[in-house]
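Step one of this worksheet: look at the structure below.
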Amino acid sequence: MTLREFQERIIAIYGVRDRRRGTDATFRWLVEEVGELARAVRTGDAASLDEEVSDVLAWSVSVATLAGVDLEAAAARYASGCPRCGRIPCECPLDVPA
Ligand SMILES: [Zn+2]
């Protein structure tokens, strides 16, 4: 599945509900899912990690869609390497967030 296909699938599944909920409330759900992912990372439970990464991915797509962001275009920013230093692998100083 390409990123475009994934975004279209998430829109098909949740688009109506996401638009009804709105960008701010959908973003708050994403943050809640990130919190659940944080707990999964802390416990290291493999099944929980798979599920929470999947949920964060889906909610990120919902927020992107509501905000008018095309996933393919967003991913293309990394196509030639690190957007900051342009290298593969990244050679930015470790204290600079990716
Ligand atoms: Zn870099």
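The values are calculated or read from the model by the stated rules, or taken from the named source; none is laboratory data. Since the model is a prediction, treat every value here as computed from it, not as a measurement. In this analysis, Cβ positions are derived from the backbone assuming ideal geometry, glycine residues included, and neighbour counts consider all displayed protein chains. Heads up: the accessible areas ignore ligands, DNA and RNA and are worked out on the full protein's heavy atoms, side chains in. Shrake-Rupley method; radii C 1.70, N 1.55, O 1.52, S 1.80 Å.
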Sorting 62, 54 on solvent-accessible surface, 1.4 Å probe, most exposed first, gives 54, 62
Counting only protein heavy atoms and using a 1.4 Å probe, what share of the accessible area of the chain belongs to carbon plus sulfur, as a whole percent? 57 percent
When each pair of different Cα atoms in segment 3-76 is counted once in the 1/r mean, what is the Kirkwood radius in angstroms, to one decimal? 12.7 Å
Positive minus negative residues near residue 27 (Lys, Arg vs Asp, Glu; Cβ under 11 Å): -2
Solvent-accessible ranking of 90, 82, largest area first, probe 1.4 Å: 90, 82
In deg cm²/dmol, rounded to the nearest 500, the helical mean residue ellipticity at 222 nm of the chain, built from -39500 (n - 2.57) for every DSSP H run of length 4 or more, is -23000 deg cm²/dmol
Unit Cα scatterers, Debye sum, segment 33-98: log10 I(q)/I(0) for q = 0.18, 0.21, 0.24, 0.26 Å⁻¹: -0.91, -0.98, -0.95, -0.94
Residue by residue through segment 71-87, which ³J(HN,Hα) values in whole Hz follow from phi under the Karplus form 6.51 cos²θ - 1.76 cosθ + 1.60 (θ = phi - 60°), with glycine and proline marked x? 4, 4, 5, 5, 5, 4, 4, 9, 4, 9, x, 4, x, 7, 9, x, 9
In order through segment 3-15: 3J(HN,Hα) via Karplus (6.51 cos²θ - 1.76 cosθ + 1.60), integer Hz, x for Gly, Pro: 4, 4, 5, 5, 4, 5, 5, 5, 4, 4, 6, 10, x
Averaged per residue, what accessible surface does segment 10-98 expose to a 1.4 Å probe, in Å²? 70 Å²
